[in-house]
1. Name every residue in segment A:31-54 that is more than 8 Å from every other protein chain (Cβ to nearest Cβ) and surrounded by fewer than 24 Cβ atoms within 10 Å (Cβ to Cβ), in order of residue number.
2. Exactly one of these conditions fails for residue B:52: (1) touching a strand residue (DSSP E or B) at 6+ places or on another chain (Cβ under 7 Å); (2) within 14 Å of residue B:128 (Cβ to Cβ); (3) without any contact (Cβ under 8 Å) to a residue 40 or more places away in the chain. Give me its number.
3. Select from segment A:26-54 the residues that are in a loop (DSSP other than H, G, I, E, B) and farther than 15 Å from residue B:5 by Cα and list them in ascending order.
4. Of the residues B:115, B:57, which is within 10 Å of another protein chain (Cβ to nearest Cβ) and modelled with pLDDT of 95 or more?
5. Can you tell me how many residues within segment D:60-69 are within 10 Å of the chain's Cα centre (by Cα) and either in a helix (DSSP H, G or I) or at the interface with chain A (Cβ under 8 Å from one of its Cβ atoms) (or both)?
6. As an exercise: evaluate residue D:73 against (1) free of Cβ contacts under 8 Å to residues at least 12 places away in the same chain; (2) touching a helix residue (DSSP H, G or I) at 6+ places or on another chain (Cβ under 8 Å) and give the number of the one condition it does not meet.
7. Select from segment B:21-30 the residues that are within 14 Å of chain C (Cβ to nearest Cβ) and surrounded by 24 or more Cβ atoms within 10 Å (Cβ to Cβ) and list them in ascending order.
8. How many residues are within 12 Å of the chain's Cα centre (by Cα) and at positive phi if we restrict to segment D:1-48?
């Protein structure tokens, strides 16, 4: 399946809603398609201005490597040189910290990724997973 | 004034609405703040996948140089070497074609830019201007 | 639909077969998926060693902009500054010359692109189109 | 001797065959010539989309430094700053982890490298070595 803009908007809305419900700091949320290309993005008022790149890096690294960005963070602690090389391979767009959540369809195929940044990494990932579920997808964060 | 996410969403919605009304091809629309940082983006279904960079380049060039991207297109035809240097100065994020529309408040101050791509450059700019007006701003395209 | 490796191999084999049938110079053929990511590549013996980048640039530009690379060549002649900006936007991976052929499914959706280089640009495009047809796709070159 | 496309195809087929036999995860396999230029590549269905760069980085680093990428991983653990500089020298195309296997002819000369990614690094290297042997070469992994 191909992720639609409506799905991407639903994901962003639900991620932001969880942020408000849990009183998180202002969130920035990007949705990438299965090829890592940007589909939609929103940065909440009060978030630092440079958050697009951070949200994109979480989601892009997840898509390129095929694992949630949380796992890239674990790999970075164990093998920093390897994750450094990933960053270079993927044009610097790899952020090894939780918040980059793979979006899978019912069959398990990766259809895109959502990248969230703003609060703690764990909360960022929770917001992304909530977004995935709202769009009828499984979020692997 | 500082552009809000709600305004950005209004701009994108109104630009897309004009696109549907005029039967334009699928649009991609980005809104940048006064510093050129990404605030919101949406890519309509059926648009080529790489459209984020193109929309961003129209709006970013406009913000950095302080003129609509249409004018950068005129400059590029007259002085290609100068616009080539602008592209290099601004990390390649300069697209010299109409569709990058400056957003001005009632006092004339630049508060951001909207970048639209998908249809003819003229139509892209019209959509951006419609977006600006819907948010109570003046669009200079 | 998602392009499979078997389809990509069929495309490459058929493009190369046309090259041999028409006595073209050694061909290099890449197949990219709908997101512009590399799926398969072959460089025939005797081709210049740097042909991967050239084949990729034809196909990648086509995917990112949503038009065959032949059309990017026409645009480059008319508006060189615009195509120069596309090259910068897409990491230099834009070759504005025929041979980058969009792959469309029966419904018209872009599912990838094939990039061919080695002979004349027209022959390169013919080889890519032959490849598309062999895989049950429509090649737009 | 100069590596041929037929040899490269044999290497890829044999590496993939070992992957299927050992029930490895979907593999991506690149073959580079003695100059580090891409000769052939295949990405199996289900592999993460960004695997070309990873496969290439394993093989390219091996060719440029003249050691298997496994050894670059050992060097990276001992002298991370040195391997970081290699990455910069070689355009970021250095992945310090097993799976980049040097291809040597009967006389011991390096004729190319195969880069495999998808399963554990050790399994990746085993697949590359199997590919080398199938083509009548010695794989140093």
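1. A:46, A:47, A:48, A:53, A:54
2. (2)
3. Restricting attention to segment A:26-54, the residues satisfying the condition of being in a loop (DSSP other than H, G, I, E, B) are A:26-27, A:34-37, A:44-50.
Once the filter is applied, which keeps residues that are in a loop (DSSP other than H, G, I, E, B) and farther than 15 Å from residue B:5 by Cα, segment A:26-54 yields A:34, A:35, A:36, A:37.
4. Exactly one of B:115, B:57 is within 10 Å of another protein chain (Cβ to nearest Cβ) and modelled with pLDDT of 95 or more, namely B:57.
5. If we filter segment D:60-69 for residues that are within 10 Å of the chain's Cα centre (by Cα), which is where we start, we get D:60-63, D:68-69.
From what is left, the residues that are either in a helix (DSSP H, G or I) or at the interface with chain A (Cβ under 8 Å from one of its Cβ atoms) (or both) are D:60-63, D:69.
Selection size over segment D:60-69: 5.
6. Going through the list (1) free of Cβ contacts under 8 Å to residues at least 12 places away in the same chain; (2) touching a helix residue (DSSP H, G or I) at 6+ places or on another chain (Cβ under 8 Å), residue D:73 breaks only (1).
7. If the condition is that a residue be within 14 Å of chain C (Cβ to nearest Cβ) and surrounded by 24 or more Cβ atoms within 10 Å (Cβ to Cβ), then B:27, B:28, B:30 are the ones that fit.
8. Here the count works out to 1.
The values are calculated or read from the model by the stated rules, or taken from the named source; none is laboratory data. As the structure is a prediction and not an experimental result, all values here were calculated from the model. Neighbour counts are summed over all protein chains in view; Cβ atoms, including those assigned to glycine, are modelled from backbone coordinates with ideal geometry.
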